[in-house]
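Below: the structure, in structure tokens.
We did not get these values from a lab; they are worked out from the coordinates using the rules stated. Quick caveat: nothing in here was measured; it's all calculated off a predicted structure. All Cβ positions, even for glycine, are placed from backbone atoms using ideal geometry, and neighbour counts span all protein chains on display.
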Amino acid sequence: MTDSLSRLSRYACTVILPMTLLACGGDQLTSGVDPFAPMVFKEGITAMPLNPPNPSTLQPFYVSQATIFKFAVDTDSILIGADGVTRYIVVITNPSGGTQAQYEGIRCDSFQARLYGLYESKGWRENLLGEWKDIRRDIPNRYQAALAQGAFCNFASQEKSIKTIINALNPNGFTGGTKPTNSNGIM
């Protein structure tokens, strides 16, 4: 009897006890990790582009009837970041023909944009004070909203296919000038 009790005790110590501890360690309530807690955004390192915008890969896109500016994205510059940020070069042309190129990023999860830098005659100048700002939908020059709604985002998720983004930027089918709707057509 003592030998059986001893074997049972050893079995409990070598098999049952470690399995019990392992099961408790994986419990989110016991481990202190809340699976429903919001994720904390951690931005990856952003390097400025090496080249100016390429005129042959500029894709114009529609923003709104109220704007007097023209907008185009350098499709070669679009980077879909693992950190959830889609980075791109946008070229803004004013009515008199003057242009400005900007390197920016869009976050779909928070509907925010950030200016990383501006292109000047000597190259890219980093915007050291750049911070994430809410994208405004209610202004005439709402080009960031148009890009997010029409190409870079799939509702609140980042579009992961560069081919899908480039196809979405096609002027014949670009929907960035309208608010997104759900599958039932309800805004």
- Note on the structure: In vacuo Debye sum over C-alpha of the stretch 55-168, base-10 log of normalised intensity I(q)/I(0) at q = 0.17, 0.23 Å⁻¹, listed in q order, is -0.82, -1.52
- Message: Straight-line reach from residue 42: which lysines fall under 30 Å, measuring Cα to Cα and dropping same-chain residues less than 8 apart?
- Response: 133, 160, 163, 179
- Using +1 on the beta carbon of Lys and Arg, -1 on that of Asp and Glu, and nothing else charged, what's the dipole of the stretch 55-168 about the Cα centre, debye to 20? 140
- Query: Which is farthest toward the positive dipole end of the stretch 55-168 among 73, 118, 162, measuring Cα position about the Cα centre, with Cβ charges +1 (Lys, Arg) and -1 (Asp, Glu)?
  - Reply: 73
- Item | Residues with amide H under 5 Å from that of residue 159, placed H, sequence gap 5 or more | 153, 154
- Which lysines have a Cα less than 19 Å from the Cα of residue 70, not counting those fewer than 8 places away in the same chain? none
